[in-house]
1. Restricted to region B:101-133, and to residues that are closer than 23 Å to B:Leu337 by Cβ and crowded, with 23+ Cβ neighbours inside 10 Å, which residue is farthest from the other protein chains (Cβ to nearest Cβ)?
2. Do we find a residue being hydroxyl-bearing (Ser, Thr, Tyr) and more than 14 Å from the chain's Cα centre (by Cα) anywhere in region A:85-102?
3. Being in contact with a helix residue (DSSP H, G or I) (Cβ under 8 Å, 6 or more places away or on another chain) and either within 14 Å of chain A (Cβ to nearest Cβ) or polar (S, T, N, Q) (or both): is that true of B:Ser80 here?
4. Which count do you get for residues in region B:234-252 that are aliphatic (A, V, I, L, M) and within 22 Å of B:Gly296 (Cα to Cα)?
5. Assigned to a loop (DSSP other than H, G, I, E, B), among the aliphatic types (A, V, I, L, M) and crowded, with 22+ Cβ neighbours inside 10 Å: which single residue out of B:Ile20, B:Ile8 fits that description?
6. List pairs: first residue in region B:293-315 and hydroxyl-bearing (Ser, Thr, Tyr), second residue surrounded by fewer than 23 Cβ atoms within 10 Å (Cβ to Cβ) and modelled with pLDDT of 95 or more anywhere in the structure, Cβ distance under 8 angstrom, at least six positions apart or on different chains.
7. May I ask you to list the residues in region A:81-125 that are within 11 Å of chain B (Cβ to nearest Cβ), in a loop (DSSP other than H, G, I, E, B) and closer than 15 Å to A:Leu31 by Cβ?
8. Mind listing whichever residues of region A:14-54 are surrounded by 15 or more Cβ atoms within 10 Å (Cβ to Cβ), in contact (Cβ under 8 Å) with a residue 40 or more places away in the chain and not hydrophobic (A, V, I, L, M, F, W, C)?
Amino acid sequence: MRIDFTQVPVPVPTPETEHFWAGTRVGELRLQQCIDCQTTYFPPRPFCPTCASRAIEIVCASGRGSLASYVINQRPHPAFDGPYAIALVELEEGVRMMSNLLNIEQTPDALILDMPLQVTLQPLSDDIVLPYFEPRGSRS
Amino acid sequence: MSRGEVAIVGAAETTELGRIPHMSQIQLHADAALNALADAGLGISDIDGVATAGESPTGVAHYLGITPNWVDGTAVGGCSFMLHVRHAVAAIESGLCRCVLITHGESGRSNVGRGGRVSAASSLQGQFESPYGGMGPTTIFTLPVLRFLKETGTTLAEMASVAVSQRQWAGKNPRATLKTPITVDEVLNDRMIAYPFTRSQCCLVTDGGGALILVAADRAEDFPHKPVYILGTGESTETPMISQMADLTTSKAFKVSGARAFSEAGIDHGAVDHLMIYDAFAHLPLYGLEDLGFCGRGEAGAFIAEGNTLPGGRLPMNTNGGGLSYMHSGMYGMYALQESVRQVRGTAAAQVDAVDVSVCHGVGGMFAASGTVIMGSSATR
């Protein structure tokens, strides 16, 4: 499966998400953590979704996670050259992200729930670098 | 909320269902509303409250010539109409209005006069979900199910039996879109849409509408049809982002909404004669049966596969054929409500014997919201 990165819908950051996209530009997957209750959370917002504290800080994720669930879409999409998986990835830090899976066959036989994954970053434009995931140990 | 203090006295769908290219979306609202008024023996001037989703209540009220003194435009997806029922009960009970019209119309197939529904690229979905190739509900609503199957031990064949069971009900319903019986093997071998969902496990795409009319129970006996009393209701929301569900194998909104409705109605599951669980996809009745407490964890798939929800089964479910076989315009909740009303009235195409309590449970967005309405006959009020 190949992705035509010129056909991927490009995210438009807001003030509350700018740090995330600044992070991927420099090779970091940034999450946020509550200073009061220690909850690590995603997607970005300037307060803790568990205790509503505004005392939060930015933390870097390890980039390691596992495959929580997925579907394999069979219908054509301009950014993909064939059936492709849309995946949910559970990060080591306990948050979940949607993503696609690179460097692996897009089949039920290859995509095994809970398989270890690692982040890989792909530029979409000068400003936006999008996180994807691949099997851990891949050399992309 | 007081139990049984408000009743549905008018209920109808659009004259046609399926492909209706000669009607715009707002006219589908109006067609259903006029049919519901005729059903209740009321005129347009009797309506003083309007609730709708998909169109604005302002637009629907003006189109129908109503100047309401109560409106509700709660729009949380396909279960919005369950929430409208809940809000209408509160409004009528507290004297804000006397007679509420709830309308739905959707040109889901023909797209005549229907607005767009795309997330902005700056929304959280636009930034953190849309880049990954989701193409609407077939690829997003379905995303949690592999985790559900793994955690609960439910099989693909059991999930396929949802579609098989509902087709049996649809076969008894002249207005159903798909009536030919199907087998589990046929469901599993049908065209793959988004693994593991084949076409027959995805909802239909049709045009249609429906409307309800509610009044205080003390005048409900004065109408042409048997009143259908509202015994209890519930509502909740979880997240607009499927990736952010707290647990991919259970819906928080289902649990909160369902438990609240049962508590208000003061009934237990054994009292339920008939059940509707919004089925945009085959996994939703599995989540619904477990999250509403009809089945234990991991038991819903076998419960359906063993035939308990079929005609003659002990918990008849989705008796119009559901979103998989009856119709699905996009916001299906109204059709589930209509079927519950018909079953309690005793006028359904595939009528279940002696329905005194019907539970009607809806989902909004993709596990984003939920609404539950428990209806009862005069015997249970």
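1. B:Leu101
2. no
3. So B:Ser80 fits the description; yes.
4. 3
5. Within the list B:Ile20, B:Ile8, the selection yields B:Ile20.
6. If the second residue must be surrounded by fewer than 23 Cβ atoms within 10 Å (Cβ to Cβ) and modelled with pLDDT of 95 or more, the pairs left are B:Thr309/B:Leu315.
7. If the condition is that a residue be within 11 Å of chain B (Cβ to nearest Cβ), in a loop (DSSP other than H, G, I, E, B) and closer than 15 Å to A:Leu31 by Cβ, then A:Val95 is the only one that fits.
8. Matches in region A:14-54: A:Thr24, A:Thr40, A:Tyr41.
The values are calculated or read from the model by the stated rules, or taken from the named source; none is laboratory data. Since the structure is predicted, the reported quantities are computational estimates derived from the model, not experimental observations. Neighbour counts are summed over all protein chains in view; Cβ atoms, including those assigned to glycine, are modelled from backbone coordinates with ideal geometry.
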